[in-house]
Amino acid sequence: MSTRSYSDAVADPYEAPPLSFTDKEERTIAVRAYDGSDEEMEALVEMYDSFDPADRAQGIPPGREDRIRDWLDNILGDDCLNVVAWDGDEVAGHATLVPDGDAYELAIFVHQSYQRSGIGTRLIKALLGHGRVSGVEKVWLTVERWNRAAVNLYQNVGFETSDAESFELEMTIRLAEPDE
Ligand SMILES: CC(C)(COP(=O)(O)OP(=O)(O)OC[C@H]1O[C@@H](n2cnc3c(N)ncnc32)[C@H](O)[C@@H]1OP(=O)(O)O)[C@@H](O)C(=O)NCCC(=O)NCCS
């Protein structure tokens, strides 16, 4: 059991994928749960291979293709929950919930050519919706406090800061009652 603190209040029940929407650049973006196919894996590798190194958060995504593949193998495992934002057959963004004890750790990445178009907001809501219908009760993350885009995004969907002691903020959200 972790000692992290979680709100007693349950977050909004966001819509689970599949879903689609028009982003601020008038692109039609489809959000779907990762299907485990080679095609989707290769599309993710391609997105992360061209990810701007300046946008790395806490050292991820890794900078070399072999390391990207090792990292993806871990976070795309059967016990993890993954959603992908698609612009046609190109990956615009990806978000993941990785099991960690009695909770799940969240990470989200939107490719630099798709940022600031509302995709991160829709993607994280879809991930939380996917988590809720999959029985996830608690989600946590850490974020560098100067990462304004990410901190805004997390606060807007209902994350609360549970630990502000270090240069990284720890944030948590509850998706279900403990006995639900
Ligand atoms: C964080 C991230 C996922 C946001 O994705 P996005 O698609 O650009 O997000 P949105 O367009 O939905 O915007 C979300 C909010 O952040 C704000 N925002 C986005 N980019 C910003 C920036 N560079 N600086 C300040 N605020 C920013 C938006 O204004 C919006 O806030 P609002 O709704 O109050 O206006 C994206 O910037 C990213 O992938 N960054 C690199 C990786 C990373 O830091 N991941 C998070 C840590 S794991």
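Please find the FRET efficiency linking SER5 to VAL45, where r is the Cβ-Cβ separation and R0 is fixed at 45 Å, and quote it to the nearest 0.05.
Computed FRET efficiency for SER5 and VAL45: 0.75.
Ranked by Cβ crowding within 10 angstrom, fewest neighbours first, how are HIS130, HIS111, HIS94 ordered?
Going from least to most buried by this count: HIS111, HIS130, HIS94.
When Lys and Arg each count +1 and Asp and Glu each count -1, what net charge do the other residues less than 11 Å away from GLU168, Cβ to Cβ, add up to?
Computed value for this residue: -3.
Taking the number of other C-beta atoms within 10 Å as the exposure measure, put THR22, THR3 in order starting with the fewest.
THR3, THR22
Tell me, what is the FRET efficiency for GLU144 and THR121 to the nearest 0.05, using R0 = 22 angstrom and their Cβ-Cβ distance as r?
Step by step, r from the Cβ atoms, then E = 0.70.
Which of the chymotrypsin sites (Phe, Trp or Tyr not before Pro) found in segment 84-180 are loop residues per DSSP with 13 or fewer other Cβ atoms within 10 Å of their Cβ?
TRP146, PHE167
Quick one: if you stick a label point 7 Å off each Cα along the C-beta vector at CYS80 and GLN155, how many nm between them?
2.9
Which distance in Å, rounded to a whole number, links the C-alpha centroids of segment 48-66 and segment 95-152?
So the separation of the two Cα centres works out to 17 Å.
Which angle from 0 to 90°, rounded to the nearest 10, does the C-alpha axis of helix 38-49 make with the longest principal axis of the chain?
Roughly 90 degrees, rounded to the nearest 10.
Within a 10 angstrom radius of the beta carbon, how do VAL10, VAL110 rank from fewest other beta carbons to most?
Ranked by crowding around the Cβ, least crowded first: VAL10, VAL110.
Between ILE60 and ASP12, what is the spin-label point distance in nm, taking each point 7 Å from the Cα along the Cα→C-beta axis?
My value for the distance between the label points is 2.6 nm.
Could you derive backbone 3J(HN,Hα) for segment 138-153 from the dihedral phi with the Karplus parameters 6.51, -1.76 and 1.60 (θ = phi - 60°), listing whole Hz in sequence and x where the residue is Gly or Pro?
Computed from phi, the couplings for segment 138-153 are 9, 10, 9, 7, 10, 9, 5, 5, 8, 7, 4, 4, 5, 4, 4, 4 Hz.
What ³J(HN,Hα) values, in whole Hz, does the Karplus curve 6.51 cos²θ - 1.76 cosθ + 1.60 give for segment 162-172 when θ = phi - 60°, with x put for Gly and Pro?
9, 7, 10, 6, 10, 6, 9, 7, 9, 10, 9
All of the numbers you see were taken from the coordinates with simple rules; none came from a lab. Just so we're clear, the structure is a prediction, and the values are computed from it rather than from any experiment. Cβ atoms come from the backbone with ideal geometry, glycine included; neighbour counts cover every protein chain shown.
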